[in-house]
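The values are calculated or read from the model by the stated rules, or taken from the named source; none is laboratory data. Keep in mind the model is a prediction, meaning the values are calculated, not measured. Every residue, glycine as well, gets a Cβ built from its backbone with ideal geometry; the counts of neighbours run over all protein chains shown. The accessibility values were calculated without ligands, DNA or RNA, using every heavy atom of the protein model including side chains. Shrake-Rupley method; radii C 1.70, N 1.55, O 1.52, S 1.80 Å.
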Amino acid sequence: MSQWLWLLGKILLLVRMAASVNFIHHRYEELVQALFDVHGSCPYITRLYSIGRSVQGRHLYVLEFSDYPGIHEPMEPEFKYVANMHGNEVLGRELLLQLSEFLCEEYQRGNQRITQLIHDTRIHLLPTMNPDGYEVAAAQGQDALGYLTGRNNANGVDLNRNFPDLNSIMYYNEKQGGPNHHIPLPDNWRNQVEPETLAVIQWMKSYNFVLSANLHGGAVVANYPYDKAQLQRSRNNWLRMDTPTPDDTLFQKLAKAYSYAHGWMHQGLSCGDVFPGGITNGASWYSLSKGMQDFNYLHTNCFEITLELSCNKFPPQEELEREWLANREALITYLEEIHQGIKGLVLDENNNKLAGAVISVQGIGHDVTSGEHGDYFRLLMPGTYGVTASADGYQPQTVTVTVGPAAPSVVNFQLRERTEDHTPGPKVSNKGLHKKIVPRAIPWETLR
């Protein structure tokens, strides 16, 4: 009797899963409906918002998961997944829809791992950055689909070659002296980017993102910065070289976290290419200029990798369930990587929050800054580090901290005002540091 009850329970579970998960390709209206459905099922842990519109006026929707949706909780890191940047690379789009439904359902079922993840992390999912390109690709039909059909946006621009080129500035600074982090944007940058790119850059400026991944297709590999090679001349030829960041060891760890949790990415055999461990430095694969991955690292506090998830850019519908099962654990595992390194608050002597304070780690030439709530997050490998917090008008403070392999170490700073010439230094202000641009709330009835 007990065996029959066990079998009946398994059947009912499969029926419930089959009823709730639709492994189909979602056109724009269907994608919007799917996002509203998840929000309607889990209204207390989700928020649906638009960060802007595409060339043809389609909303770029983001679904947020948090125990306090719409609110940044100090010391709680912000995470983002971005998919479908190339309109014809569609698997990531479907995976993020599946992930949103999975997070909602598992939270409702009391899954401890998912509950803790949502309580400790603010998660933002952008299923499509290029909805116009997707509609072009989807309209072709599976048999007639060209390899590049729908890749670009409606203006014919490749969005992953459309961000301001900060790599060239960084490589110049390495020779002449200057920062390789939080590089300012050119004065005319808004005139050089597409509406979708503009929306994403403003989104990055609105939230102090810590970790991110950009979901693509056409290979199976986890790609980490830099994407743009630093070329050297040899016998009048340009040679492409591995081009690591100051956080190369950490980026390799992040890439491996996804690769080894994936069904087969770690095997390293990808669509005719070989990638040991299923990971690669972007520039050592092929050099890419004006990409989103490098832009995150050079202009913001965010560490981003690019996930190539399928040889077929527009896989048949019948393969979607297999792909979801291969990526589900990896998507969660990578999300959990945000909880490592150090984090803390930067305050003044009166316990006022200091936004824009610089957090430097000895031996790593890449700094992060505190957000508007005075909190900072610095992903690090396990080890012992000298860490310095500094801000204009304040005396820097340096501490030694040991980072373990599990939860992040909490390191708070309290800075004292400089008193040179008996004149108190200016207090740090938000003005001129990172102008906050908040995506405007749009009434539900106008979103559909």
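Of all residues in region 357-380, which are open to solvent by 10 Å² or more (accessible area, probe 1.4 Å), closer than 17 Å to P77 by Cβ and of a type in the set (A, V, I, L, M, F, W, C)?
Residue satisfying the conditions is F377 alone.
Could you say which residue among S270, S284 is open to solvent by 30 Å² or more (accessible area, probe 1.4 Å), free of Cβ contacts under 8 Å to residues at least 60 places away in the same chain and over 21 Å from the mean Cα position of the chain (by Cα)?
Of S270, S284, the one residue that is open to solvent by 30 Å² or more (accessible area, probe 1.4 Å), free of Cβ contacts under 8 Å to residues at least 60 places away in the same chain and over 21 Å from the mean Cα position of the chain (by Cα) is S284.
Kindly establish whether T384 is surrounded by fewer than 24 Cβ atoms within 10 Å (Cβ to Cβ) and under 18 Å from the mean Cα position of the chain (by Cα). Spell out how you get there, then give the answer.
Values: surrounded by fewer than 24 Cβ atoms within 10 Å (Cβ to Cβ): yes; under 18 Å from the mean Cα position of the chain (by Cα): no.
No; evaluated as a whole, the condition is false for this residue.
Limited to region 36-67, what total is found for residues that are part of a helix (DSSP H, G or I) and open to solvent by 40 Å² or more (accessible area, probe 1.4 Å)?
Counting residues in region 36-67 that are part of a helix (DSSP H, G or I) and open to solvent by 40 Å² or more (accessible area, probe 1.4 Å) gives 3.
Within region 338-348, is even one residue polar (S, T, N, Q) and either open to solvent by 10 Å² or more (accessible area, probe 1.4 Å) or in contact with a helix residue (DSSP H, G or I) (Cβ under 6 Å, 6 or more places away or on another chain) (or both)?
So far as region 338-348 goes, yes, one or more of its residues are polar (S, T, N, Q) and either open to solvent by 10 Å² or more (accessible area, probe 1.4 Å) or in contact with a helix residue (DSSP H, G or I) (Cβ under 6 Å, 6 or more places away or on another chain) (or both).
Report whether or not N296 is more than 25 Å from V368 (Cα to Cα), surrounded by 22 or more Cβ atoms within 10 Å (Cβ to Cβ) and touching a residue at least 60 places away in the same chain (Cβ under 8 Å).
In short, no.
Name the single residue, out of those in region 177-215 being of a type in the set (G, A, S) and at pLDDT below 95, that is nearest to I123 (Cα to Cα).
Applying the filter and picking the extreme gives G178.
Find all pairs meeting these conditions: Cβ atoms under 8 angstrom apart; at least six residues apart or on different chains; first residue within region 156-171 and open to solvent by 10 Å² or more (accessible area, probe 1.4 Å); second residue of a type in the set (D, E) and at pLDDT 95 or above.
Qualifying pairs under 8 Å: V157/E194; N162/E194.
State the number of residues belonging to region 68-105 that are open to solvent by 10 Å² or more (accessible area, probe 1.4 Å) and under 17 Å from R328 (Cβ atoms).
Count: 5.
Name the single residue, out of those in region 117-140 being more than 11 Å from N88 (Cβ to Cβ) and acidic (D, E), that is farthest from the chain's Cα centre (by Cα).
Result: D132.
Find all pairs meeting these conditions: Cβ atoms under 7 angstrom apart; at least six residues apart or on different chains; first residue within region 119-130 and over 26 Å from Y28 (Cβ atoms) and hydroxyl-bearing (S, T, Y); second residue modelled with pLDDT of 95 or more and part of a strand (DSSP E or B).
T121/F79
Here is a yes/no grid of residues against (1) surrounded by 23 or more Cβ atoms within 10 Å (Cβ to Cβ); (2) under 13 Å from the mean Cα position of the chain (by Cα); (3) farther than 25 Å from M170 by Cβ:
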{"site": "Q192", "(1), (2), (3)": "no, no, no"}
{"site": "A213", "(1), (2), (3)": "yes, yes, no"}
{"site": "V221", "(1), (2), (3)": "yes, no, no"}
{"site": "G277", "(1), (2), (3)": "no, no, yes"}
{"site": "E308", "(1), (2), (3)": "yes, no, no"}
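Criterion first (open to solvent by 70 Å² or more (accessible area, probe 1.4 Å) and in contact (Cβ under 8 Å) with a residue 40 or more places away in the chain) does R328 satisfy it?
Numbers: open to solvent by 70 Å² or more (accessible area, probe 1.4 Å): yes; in contact (Cβ under 8 Å) with a residue 40 or more places away in the chain: yes.
So R328 passes the test.
Being closer than 30 Å to P244 by Cα and outside any strand (DSSP E or B) is the filter here; which residues of region 343-367 pass it?
Across region 343-367, the qualifying residues are A355, G356, A357, Q362, G363.
Within the bounds of region 299-307, is there any residue that is modelled with pLDDT of 95 or more, closer than 27 Å to L97 by Cα and touching a Pro at 6+ places or on another chain (Cβ under 8 Å)? Talk me through it step by step, then tell me what you get.
Taking region 299-307 first, the residues modelled with pLDDT of 95 or more are 299-307.
Subset that is closer than 27 Å to L97 by Cα: 300-307.
Right, trim to touching a Pro at 6+ places or on another chain (Cβ under 8 Å) and you get 304-305.
Yes, the conditions are met somewhere in region 299-307.
Take region 392-406 and flag every residue that is open to solvent by 70 Å² or more (accessible area, probe 1.4 Å) and not β-branched (V, I, T). Before you say what the answer is, go through the steps one by one.
So the first thing to find is which residues in region 392-406 are open to solvent by 70 Å² or more (accessible area, probe 1.4 Å), and the list is 392, 395-396, 398, 400, 402, 405.
Within region 392-406, D392, Q395, P396, P405 qualify.
Please find, among E308, E304, the residue that is charged (D, E, K, R) and closer than 24 Å to Q202 by Cβ.
Just a single option satisfies the conditions, and that option is E304.
For the list (1) at pLDDT below 90; (2) part of a loop (DSSP other than H, G, I, E, B), I need the number of the one condition that E174 fails.
(2)
Show me the helices (runs of 4 or more DSSP H) found entirely inside region 226-340 where at least 3 residues are of a type in the set (S, T, N, Q).
Numbers: elements: 248-261, 282-285, 292-299, 320-336.
Counting at least 3 such residues, we get 248-261.
Among (1) of a type outside the set (D, E, K, R); (2) under 17 Å from the mean Cα position of the chain (by Cα); (3) open to solvent by 20 Å² or more (accessible area, probe 1.4 Å), there is one condition L148 misses while meeting the rest; what is its number?
(2)
Do the conditions hold for A199, that is, is it out of contact with any helix residue (DSSP H, G or I) (no Cβ under 8 Å at 6 or more places or on another chain) and either among the small types (G, A, S) or open to solvent by less than 10 Å² (accessible area, probe 1.4 Å) (or both)?
Working: out of contact with any helix residue (DSSP H, G or I) (no Cβ under 8 Å at 6 or more places or on another chain): yes; either among the small types (G, A, S) or open to solvent by less than 10 Å² (accessible area, probe 1.4 Å) (or both): yes.
In short, yes.
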